1. Restricting to segment 101-117, give me the number of residues that are surrounded by fewer than 20 Cβ atoms within 10 Å (Cβ to Cβ) and in a helix (DSSP H, G or I).
2. Tell me, please, whether a residue that is part of a loop (DSSP other than H, G, I, E, B), at pLDDT below 95, surrounded by fewer than 15 Cβ atoms within 10 Å (Cβ to Cβ) and out of contact with any strand residue (DSSP E or B) (no Cβ under 7 Å at 6 or more places or on another chain) can be found in segment 162-177.
3. I'd like to verify a number: residues in segment 22-49 that are among the β-branched types (V, I, T) and more than 20 Å from S153 (Cα to Cα), how many?
4. Kindly establish whether V148 is loosely packed, with under 15 Cβ neighbours inside 10 Å, closer than 23 Å to F73 by Cβ and within 17 Å of the chain's Cα centre (by Cα).
5. May I ask you to list pairs of residues, at least six apart or on different chains, whose Cβ atoms are under 6 Å apart, with the first in segment 168-186 being farther than 21 Å from I33 by Cα and the second being small (G, A, S) and part of a helix (DSSP H, G or I)?
6. Looking at A55, A98, A126 in this structure, which one is in a helix (DSSP H, G or I) and at pLDDT below 95?
7. Restrict the check to segment 63-75 and report whether at least one residue is of a type in the set (G, A, S), in contact (Cβ under 8 Å) with a residue 12 or more places away in the chain, crowded, with 19+ Cβ neighbours inside 10 Å and out of contact with any strand residue (DSSP E or B) (no Cβ under 6 Å at 6 or more places or on another chain).
8. Could you give me the residue pairs with C-beta distances under 6 Å whose first residue belongs to segment 116-142 and is within 16 Å of W83 (Cα to Cα), whose second residue is part of a helix (DSSP H, G or I) and among the small types (G, A, S) wherever it lies, and which are 6+ apart or on separate chains?
Amino acid sequence: MLRNPNGLATAVSVLLGVNVVLLALGAGSEAWILADPLAAAESYATAEAGLNALAVASGLAYLATVVVFIVWFHRVAKNASVWAPDLQSRTPGWAIGAWFIPIADLWIPRQIAVDAWRASRPDPHAADGARELTLLNSWWTCFVVGLVLDRLSSTLYKRVETLDALTTAATWSLVGYSFMVAAGVLAILFVRRLTSMQHTKATGMLSAAK
């Protein structure tokens with residue numbers, strides 16, 4: 001049975017937008033450190049409260065986004081399984097569970113997204129058009145790279161004992177933030193595009209049935 005993903009897509013888009021803003025602020029804090037590492041280290045105690053507040057806000061926004069995004073993702077995967085079950089490499093339940101499997105979460109959700117994308121086209125079995133999956137692949141690449149760099153920079157920050165080490169950690173963190181900001185923007189475009197494809201297909205089927 002088809003389910004309308006439009007409302008969830010709007011909620012996801014708004015939450016992703018909030019995340020992009022908070023990530024940009026996080027990137028700004030890293031740029032502040034890189035501009036003058038010594039001054040940043042000396043004034044950290046003064047700025048600590050603000051940085052902690054930003055971290056808490058970012059964490060809460062990220063958690064809310066993850067929950068709503070996964071609900072949306074599961075819905076579009078279920079719709080895809082109605083239109084083209086033979087093209088789905090996994091059941092819709094994987095659209096939820098795949099995100100919680102270490103290592104596998106770096107590639108299985110993308111595969112599910114590709115399957116849903118193809119099923120949502122007018123002709124699910126048609127060959128992929130030139131650069132048709134560019135948006136999806138760009139989003140996923142930025143997201144995965146951002147996650148890896150976030151983990152790397154977190155590890156580097158835990159080992160900071162010198163200004164050079166602080167600069168290195170801040171540099172990798174800033175690059176990671178940049179990828180995550182790009183991933184957030186691309187995710188909004190991906191969510192809107194796939195939702196629009198499913199809405200158009202469902203509407204066309206209803207019109208044809210009348």
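1. 7
2. Within segment 162-177, one or more residues are part of a loop (DSSP other than H, G, I, E, B), at pLDDT below 95, surrounded by fewer than 15 Cβ atoms within 10 Å (Cβ to Cβ) and out of contact with any strand residue (DSSP E or B) (no Cβ under 7 Å at 6 or more places or on another chain).
3. Qualifying residue count, segment 22-49: 1.
4. Answer is yes for this residue.
5. A183/G146; L186/S138
6. A55
7. There is no residue in segment 63-75 that is of a type in the set (G, A, S), in contact (Cβ under 8 Å) with a residue 12 or more places away in the chain, crowded, with 19+ Cβ neighbours inside 10 Å and out of contact with any strand residue (DSSP E or B) (no Cβ under 6 Å at 6 or more places or on another chain).
8. From residues that are within 16 Å of W83 (Cα to Cα), the pairs are A116/A77; A116/A80; A119/A80.
The values are calculated or read from the model by the stated rules, or taken from the named source; none is laboratory data. Just so we're clear, the structure is a prediction, and the values are computed from it rather than from any experiment. So basically every Cβ, Gly included, is an ideal-geometry build from the backbone, and we count neighbours across all protein chains shown.
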